[in-house]
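Enquirer: Right, I'll just put the structure down here and ask away after.
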There are 2 protein chains.
Amino acid sequence: MQHMNIYEMGLDTNEANYTPLSPISYLERAAFVYPERVAQIHQQTRYTWAETFERCVRLASALNGMGIQKGDTVSFLCSNIPPMFEAHFGVPMAGAVLNAINTRLDSEAVAFILQHAESKVLFVDKEFASVASKAVKMVAVKPTIIAIDDEYLDGGELLGETTYEALLESGSAQFEYIPPANEWDAIALNYTSGTTGNPKGVVYHHRGAYLNAASNVLSWNMVSHPVYLWTLPLFHCNGWCFPWSIAATAGTSVALRHVRADAIYNSIRDSKVTHFCGAPIVLNMLNNADDDLKAGIEHSVNVMTAGAAPPAAVIEGMENMGFNVTHVYGLTETYGPCVVSAWKDQWNEKGLTERAALKARQGVKSPLQQDLMVADADSMQPVPRDGETVGEIFIRGNIVMKGYLKNPTTTEESFEGGWFHTGDLAVWHEDGYVEIKDRSKDIIISGGENISSIEVEDVLYRHPSIEEAAVVAKPDEKWGETPCAFIKLKEGADTSAEEIIRFCRDNMAHFKTPRHVVFGELPKTSTGKVQKFVLRQQAKDS
Amino acid sequence: MQHMNIYEMGLDTNEANYTPLSPISYLERAAFVYPERVAQIHQQTRYTWAETFERCVRLASALNGMGIQKGDTVSFLCSNIPPMFEAHFGVPMAGAVLNAINTRLDSEAVAFILQHAESKVLFVDKEFASVASKAVKMVAVKPTIIAIDDEYLDGGELLGETTYEALLESGSAQFEYIPPANEWDAIALNYTSGTTGNPKGVVYHHRGAYLNAASNVLSWNMVSHPVYLWTLPLFHCNGWCFPWSIAATAGTSVALRHVRADAIYNSIRDSKVTHFCGAPIVLNMLNNADDDLKAGIEHSVNVMTAGAAPPAAVIEGMENMGFNVTHVYGLTETYGPCVVSAWKDQWNEKGLTERAALKARQGVKSPLQQDLMVADADSMQPVPRDGETVGEIFIRGNIVMKGYLKNPTTTEESFEGGWFHTGDLAVWHEDGYVEIKDRSKDIIISGGENISSIEVEDVLYRHPSIEEAAVVAKPDEKWGETPCAFIKLKEGADTSAEEIIRFCRDNMAHFKTPRHVVFGELPKTSTGKVQKFVLRQQAKDS
């Protein structure tokens, strides 16, 4: 006999009880409830939420007037200034997909993205005119180019026939913007920073953007009206979805063109910044800055960091300044951080080393993410929570991309078995916190033994003369691979390869000790990640 | 030519990137990340999140063992103690729908609900055994009855063949509980408190419960680990969805059987309560309590109130104790509050009267609700934001019920035009805040003029001798209707009908002045709402 379900009779969705989730609604509410509050600060410029809303509507209207339709890509090559922030609302309000391009890419890489994304419009910050104009020359179907002027930047060049501000003028503030018909509609396209091969185009949906924006607020215990400084590039996973979190909390977005210690400290002091995000290298820079830059900051500041574990010295330095560091983890495919090293009150009692070790763990799923596991890469069976067995991190839930644009094979592979395969190798601690040991491709296999490059790097970072360290595999006839360490010394420090190797032998299993040590600057991506593929090539060639 | 959308090719949902939203996931996360934290306090009893999770799984398992299936109704007649809290997770984890019944209903009303909801199981707190046993006798298809014992309550009677605790014992902690197949699946059934006619069964979906739980956190600026006291009945819109908000923030749920000033103050002091909700009458009671009850509370407490605007005296009294009052508005159909009188920093400078007037407004949509408007009831065109034109409040978004159970006609009517019709009459202020003037049916029409009963009550509350006031229409041959005031005087106060009427004439338009004044206790619903239909009958008969 069929089981009648009385709850499914005459109780369907309708316009009154179902609206597609979209972060556009956060902007609407901020502008409606707090029209007079400052939404954006850029040097001496201020925009309220009412003004910001109007600027976004005008942008959507102007794009619509240019013939932009649902499913079209609109690209931005722009620093962390108001147009880049506004694009996170104005582009989707035209029904289009925002593609924020890494501003440190060369013209070939930008050309690849424009071509692959089939961009209809490219907004170019005058600082990046040269790269953009070269890139566009390489693209078969040219996008319309709009220049982004910035009165606070000298130099650069205005490309295209009009400017961003003129375009806003041409748009209507009464434009009936286009909310998504479905929360599964695409909102953004972000290319992986790609340490190897061609970048992949990661497609975000409105649902995930909405939920991750709220998840950020819950995860970081944010309350209304945070003042958020853009030390993190907005092109990086849409600034980890923080443009939408700032709207959800009616906060203030503080622009930052160049990530420099003086500009950051001045902003924190002058604008009473309460929150910022960045790679540990940014924290490191702030930590090592002159004391006079740090003076005069009395309020507490919250810092979120990802990409690598913050070293103990950095945590200590930050804490001494009243900066509270939260360590998170994520990938472009998960809208940025979706794993958080959730702090527990009882850990406050512990010593610095132990606290740093706890904080170094990537942690647990963020509040609105569904599932996280460390499992055997082949069987997809969870590994024991013993803090030792290495497995791959798998993630699933609503804060996971739609897939890779025009790449169904890789999309399918990455979702095999109903989980997103991160490619990151980790252990699972007894208390459920995950700790990354390495990227799959960064593991070093020497004489059949797996060596975690991160583990070796952790030891190197304890050496008093070392500022930065990266360890990669060097092909070896006898062992298959051996660890090769690339090291940047602290200013004025003096040591030798032999001394470094001896230090390692004293602090780790011998088979893990680097056989080669190379001194110099480390090559990095624009987001501060060490480009290990470059180092691997160097190690191979040396 | 058809417009190709590259973002809709090979980018469908799958198990890795789409999970039905459900508040069950909040419990999972709290138990996983904070297993050792105290989730529930009931007198001397403590349950951690790990224990609470296990109890909920066992409940789901036991219900499953009893043959409960998806779409079945499981009813609870229970005070604010752990089983009622746990039911908010355990019942949906069995795939079933939770029906928390108002514990102050009489047996006829309970019987109507059991019959209409087709309840398969009824859990009965021993305090309510008498009402329940009478009710079940009136129902054709008898639900299985399970007794809820409470070691901290003397008296009462255990109905049924087993108890809640024995049932949990019989369930398996390893049961694979049943998440919703679709986020539109029903999670709860709440009967309107019904000031007229038969109550309607309001059906909640998992999506709305999940989103409102998060919206509560954002709206109230809650951070991790709130300590939440159950002054608000859990049967009232599922405690405004706070069981799920508490899980989302890994907080602590503090049980409370009877809403009494001593018990509340003792809990606040002993358990360091940070948050509670309640009708203004609860705040009033706390405010008027003896000073020695209030002693020793040093921490700040957040109070959310709805149902009527909190009077200035109550706000002042609360503030003097360090209690911060937030005024919210909603209906059973909107999962409880979905409108919040969002406070602005600049209002802190204002005097008490002005602050009370600002706080008395119902406010703006809550962070995750989609839309709110005041509009002409017929044309559904928004009224001007002039603070004067009265219209009906309309709401739409994701925090709106599926509809009324087995009542497609009323469901359709209530959603006509793609908005939920609240039946509440309000003005829309220039700053976008709504302020309720009356329920449609509470408006008094005298000589063709509309009189807001709330406006008259507001004036009455300013009279120094009046503790509570309610105004309803009294049929009148000449005028159609005239206002009739029912008044409860403060202890020891002494005044007369003539003096009250004179006071009104001095403070409002003459045609609004009550023609009749009746002194005595006011009849109330279990949630503290004055039962105006009772008063209307009295006014008519007098």
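Values quoted throughout were computed directly from the atomic coordinates according to the rules given, and no laboratory measurement underlies them. In this text, all values refer to a predicted model and were calculated from it rather than measured experimentally. Note that each Cβ is placed from the backbone with ideal geometry, even for glycine, and that neighbours are counted across all protein chains shown.
Enquirer: Can you give the FRET efficiency to the nearest 0.05 for A:Glu51 and B:Met321, using r as the Cβ-Cβ distance and R₀ = 56 Å? Walk me through the intermediate numbers first.
Expert: Values: r = 40 Å, r/R0 = 0.72.
Once rounded, the FRET efficiency stands at 0.90.
Enquirer: Also, I was wondering about something else. Report the one residue of B:Tyr152, B:Gly208, B:Val121 whose Cα lies farthest in the direction of the positive end of the charge dipole of the range B:24-208 (charges on C-beta: Lys and Arg +1, Asp and Glu -1; origin at the Cα centre).
Expert: Of B:Tyr152, B:Gly208, B:Val121, it is B:Gly208.
Enquirer: Looking at the protein assembly as shown, send over the antiparallel percent of its DSSP beta bridges, to the nearest 5.
Expert: Taking every DSSP beta bridge within the protein assembly as shown, about 55 percent pair in antiparallel fashion.
Enquirer: Moving on. Count, for each residue of A:223-231, the Cβ atoms from other chains sitting within 10 Å of its Cβ, then give me the mean as a whole number. Present the calculation step by step, with values, prior to reporting the outcome.
Expert: On the way: counts 5, 9, 3, 0, 0, 0, 0, 0, 0.
Shielding by partners across A:223-231 averages 2.
Enquirer: By DSSP, what percent of the beta bridges with both residues in chain B are antiparallel, rounded to the nearest 5?
Expert: If I count the DSSP bridges inside chain B, around 55 percent turn out antiparallel.
Enquirer: Roughly how big is the protein assembly as shown's charge dipole about its Cα centre, with Cβ charges of +1 (Lys, Arg) and -1 (Asp, Glu), in debye to the nearest 20?
Expert: 500 debye
Enquirer: With no solvent and one point per C-alpha, what does the Debye sum give as log10 I(q)/I(0) for the range A:24-205 at q = 0.09, 0.12, 0.16 Å⁻¹?
Expert: -0.30, -0.54, -0.97
Enquirer: What does the copy distance list look like for B:Ala263, label position 7 Å along Cα→Cβ, in nm and ordered from shortest?
Expert: Result for B:Ala263, in nm, nearest copy first: 6.0.
Enquirer: Mind jotting down the three principal axis lengths of chain B based on Cα atoms? Whole angstrom, largest first.
Expert: If we take the Cα atoms of chain B, the spans are 77, 70, 52 Å.
Enquirer: So, one more: Could you list which residues have their amide H under 5 Å from that of B:Cys338, counting only those 5 or more apart in sequence or on another chain, with H placed in the peptide plane?
Expert: Those qualifying (amide H under 5 Å, at least 5 residues apart or on another chain) are B:Tyr329, B:Gly330, B:Leu331.
Enquirer: Would you calculate the separation in nanometres between label points at B:Glu176 and A:Asn221, each defined as 7 Å from the Cα along the Cα-to-beta-carbon direction?
Expert: Using points 7 Å along Cα→Cβ, the separation is 3.8 nm.
Enquirer: Restricting things to Cα coordinates, could you compute the convex hull volume per residue of the range B:413-500 in Å³?
Expert: Cα-based convex hull of the range B:413-500, divided per residue, equals 150 Å³.
Enquirer: Moving on. Output, in nm with one decimal and in ascending order, the distances from the A:His299 label point to the matching label points of the other copies (7 Å from Cα along Cα-to-Cβ).
Expert: 2.5
Enquirer: Now, a different point. So what is the relative contact order of chain B, in percent, for Cα pairs below 8 Å that sit 6 or more residues apart?
Expert: That works out to 10 percent.
Enquirer: Here's a follow-up. Which residue in A is nearest the A/B rotation axis when you measure from the C-beta atom, and what is the distance in Å?
Expert: Here the value is A:Ala214, 3.
Enquirer: Which GluC sites (Glu not before Pro) from the range A:474-542 combine a DSSP loop assignment with at most 13 other Cβ atoms within 10 Å? Can you show the working numbers first?
Expert: Values: sites: A:Glu477, A:Glu481, A:Glu491, A:Glu498, A:Glu499, A:Glu521; in loops: A:Glu477, A:Glu491, A:Glu521.
Qualifying residues, ordered by number: A:Glu477, A:Glu491, A:Glu521.
Enquirer: Hey, another quick one. Considering only C-alpha atoms, what is the centroid distance from the range A:298-361 to the range B:1-33, in Å?
Expert: 28 Å
Enquirer: Moving on. Take the Cα radius of gyration of the range A:156-315 and divide it by 2.2 N^0.38 Å, with N its residue count; two decimals is plenty.
Expert: Working: Rg = 18.2 Å, N = 160, 2.2 N^0.38 = 15.1 Å.
That works out to 1.20 for the range A:156-315.
Enquirer: Expressed as a rounded percentage, what relative contact order does the range B:24-208 have, with Cα pairs under 8 Å and six or more residues apart?
Expert: That works out to 21 percent.
Enquirer: Let me ask another. Which whole-Hz couplings ³J(HN,Hα) result when phi for each residue of the range A:263-279 is put into the Karplus expression 6.51 cos²θ - 1.76 cosθ + 1.60, θ = phi - 60°, listed in order with x for Gly and Pro?
Expert: Couplings: 5, 5, 5, 5, 5, 4, 6, 6, 9, 6, 4, 9, 9, 8, 10, x, 5 Hz.
Enquirer: Continuing with this model, one more query. For the range B:83-96, take each phi angle, set θ = phi - 60°, evaluate the Karplus expression 6.51 cos²θ - 1.76 cosθ + 1.60, and give the result in whole Hz per residue in order, putting x for glycine and proline.
Expert: With the stated coefficients, the range B:83-96 comes to x, 5, 5, 5, 4, 5, 10, x, 5, x, 5, 8, x, 9 Hz.
Enquirer: Provide the descending list of Cα extents for the range A:242-337 along its principal axes, expressed in whole angstroms.
Expert: For the range A:242-337, the Cα spread along each principal axis is 39, 30, 23 Å.
Enquirer: OK, next. List every residue whose amide H lies under 5 Å from the amide H of B:His516, counting only residues 5 or more places away in sequence or on a different chain, with H placed 1.01 Å from N in the peptide plane.
Expert: Here B:Ala485 satisfy the definition.
Enquirer: Across the Cα atoms of the range B:22-82, what radius of gyration and what greatest pairwise Cα-Cα distance (Dmax) are found, in Å?
Expert: Just the Cα atoms of the range B:22-82 yield Rg and Dmax of 13.1, 36 Å.
Enquirer: Based on the inverse mean of 1/r over its pairs of different Cα atoms, what is the Kirkwood hydrodynamic radius of the range A:273-322, in Å? Numbers along the way, then the final one.
Expert: On the way: mean 1/r = 0.0890 Å⁻¹.
Over the range A:273-322, the inverse of the mean reciprocal pair distance is 11.2 Å.
Enquirer: May I ask you to report, in nm to one decimal and beginning with the shortest, the distances from A:Glu108 to the same position in the other copies, taking label points 7 Å along Cα-to-Cβ?
Expert: For A:Glu108, the inter-copy label distances come out at 8.6 nm.
Enquirer: Something else: Among B:Gln40, B:Ser170, B:Phe112, whose Cα lies farthest out toward the positive end of the dipole of the range B:24-208, if unit charges sit on the beta carbon of Lys, Arg (+1) and Asp, Glu (-1)?
Expert: B:Phe112
Enquirer: Would you give the gap between the C-alpha center of the range B:467-542 and the C-alpha center of the range B:117-196, rounded to a whole Å?
Expert: So the two Cα centres are separated by 40 Å.
Enquirer: Still on this structure, I have one more. Just going by the charge dipole of the range A:218-360, with Lys and Arg at +1 and Asp and Glu at -1 on Cβ, which of A:Trp230, A:Pro310, A:Thr326 is farthest out on the positive end?
Expert: In the range A:218-360, that residue is A:Trp230.
Enquirer: OK, next. What is the projected area of the convex hull of the Cα atoms of the range A:443-541, averaged over all directions, in nm²?
Expert: 6.1 nm²
Enquirer: Per DSSP H run of n ≥ 4, the term is -39500 (n - 2.57); total these for chain A, divide by its residue number, and report the mean residue ellipticity at 222 nm rounded to 500 deg cm²/dmol.
Expert: -9000 deg cm²/dmol
Enquirer: Let me ask you something else. Bin width 20 Å, origin at 0, all Cα-Cα pairs of the protein assembly as shown: what percent of pairs per bin?
Expert: All Cα pairs considered, the percentages come to 12, 40, 34, 12, 2, 0.
Enquirer: Over the range A:187-272, how many percent of alpha carbon pairs lie in each 5 Å bin up to the one with the longest distance?
Expert: Using 5 Å bins, I get a P(r) of 3, 13, 21, 20, 19, 13, 8, 3, 0 for the range A:187-272.
Enquirer: Another question about this same structure. Of the cross-linked pairs A:Lys437/A:Lys488; B:Lys200/B:Lys540; B:Lys402/B:Lys524; A:Lys365/A:Lys532; A:Lys365/B:Lys70; B:Lys441/B:Lys524, which ones have a Cα-Cα span greater than 20 Å in the structure shown?
Expert: From A:Lys437/A:Lys488; B:Lys200/B:Lys540; B:Lys402/B:Lys524; A:Lys365/A:Lys532; A:Lys365/B:Lys70; B:Lys441/B:Lys524, over 20 Å: A:Lys437/A:Lys488; B:Lys200/B:Lys540; B:Lys402/B:Lys524; A:Lys365/A:Lys532; A:Lys365/B:Lys70.
Enquirer: Collect residues whose amide H, placed 1.01 Å from N in the peptide plane, falls under 5 Å from the amide H of B:Leu232; neighbours closer than 5 in sequence don't count.
Expert: HN-HN under 5 Å from B:Leu232: B:Cys277.
Enquirer: Using each residue's phi in the range A:66-78, evaluate 6.51 cos²θ - 1.76 cosθ + 1.60 at θ = phi - 60° and report the 3J(HN,Hα) Karplus result to the nearest Hz, with x for Gly and Pro.
Expert: Residue by residue, the range A:66-78 yields 7, x, 5, 10, 4, x, 7, 9, 10, 9, 10, 10, 8 Hz.
Enquirer: Next question, about the same structure. Below 8 Å, C-alpha to C-alpha, sequence gap of six or more: please give me the relative contact order for the range A:443-541 in percent.
Expert: 28 percent
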